[in-house]
Amino acid sequence: METKFESTVREIPYPQQAVYHRLSDLSLSEQVRDQLPEDKREDIIFAEDSITMNVPPVGNIAIAICEREEPKTIKYETVTSPLPFNLWVQLLPTSERTCKMRLTIKADLNPFVKGMIAKPLQAGLEKLADAIAAGTYE
């Protein structure tokens with residue numbers, strides 16, 4: 001059964017095009033490596049279209065960009081994951097210098113799994129939205 005999780009809308013104090021440019025080229029995310037805990041820095045690999053990370057006890061998870069609609073949507077899908085899902089980043093301009101963003105995850109979950117992971121997944125989605133909104137897009 002397809003289940004959808006959405007973050008609350010976040011305001012980002014940068015132009016839509018600048019945010020899109022940064023989020024649509026995952027190799028630019030390499031700059032956040034220094035912000036990760038020291039023991040996690042080696043567990044994540046950034047490439048232009050994908051991110052691969054080791055998430056104990058789950059193992060390796062790889063996420064790749066599967067679609068870009070400049071400057072408003074970036075769609076990611078899992079390449080390797082025990083729980084396949086899609087992630088959308090939606091960007092809308094609010095002015096020439098600001099935009100708003102919402103994250104959406106869609107996954108096929110049976111009711112048992114949904115009951116176990118719905119709250120942690122929603123919380124994780126909100127944390128990811130916070131991190132993206134707090135980013136620098138210059």
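Structure notes:
- The stretch 113-135, residues that are in contact (Cβ under 8 Å) with a residue 40 or more places away in the chain, over 16 Å from residue 4 (Cβ atoms) and open to solvent by 70 Å² or more (accessible area, probe 1.4 Å): 130
- The residue pairs whose first member lies in the stretch 89-112 and is under 20 Å from residue 74 (Cα atoms) and open to solvent by 80 Å² or more (accessible area, probe 1.4 Å), whose second member is basic (Lys, Arg) and not in a strand (DSSP E or B), and whose beta carbons are closer than 8 Å, counting only pairs six or more residues apart or on different chains, are 92/72.
- Of all the listed residues (77, 70), the sole one being closer than 24 Å to residue 19 by Cα and either among the hydrophobic types (A, V, I, L, M, F, W, C) or exposed (fewer than 15 other Cβ atoms within 10 Å of the Cβ) (or both) is 70.
- Odd one out for residue 97 among (1) touching a strand residue (DSSP E or B) at 6+ places or on another chain (Cβ under 8 Å); (2) closer than 17 Å to residue 14 by Cα: (1)
- All positions within the stretch 6-22 that are out of contact with any Phe, Trp or Tyr (no Cβ under 6 Å at 6 or more places or on another chain), among the hydrophobic types (A, V, I, L, M, F, W, C) and open to solvent by less than 40 Å² (accessible area, probe 1.4 Å): 12
- Of the residues making up the stretch 44-57, not a single one is closer than 22 Å to residue 8 by Cα, in a strand (DSSP E or B) and without any contact (Cβ under 8 Å) to a residue 40 or more places away in the chain.
The values are calculated or read from the model by the stated rules, or taken from the named source; none is laboratory data. Computed from a prediction, not measured in an experiment: that's the story for all the values here. Cβ: placed from backbone, ideal geometry, glycine included. Neighbour counts: every protein chain shown. Side chains included, ligands, DNA and RNA excluded: accessible areas come from the protein's heavy atoms. Shrake-Rupley method; radii C 1.70, N 1.55, O 1.52, S 1.80 Å.
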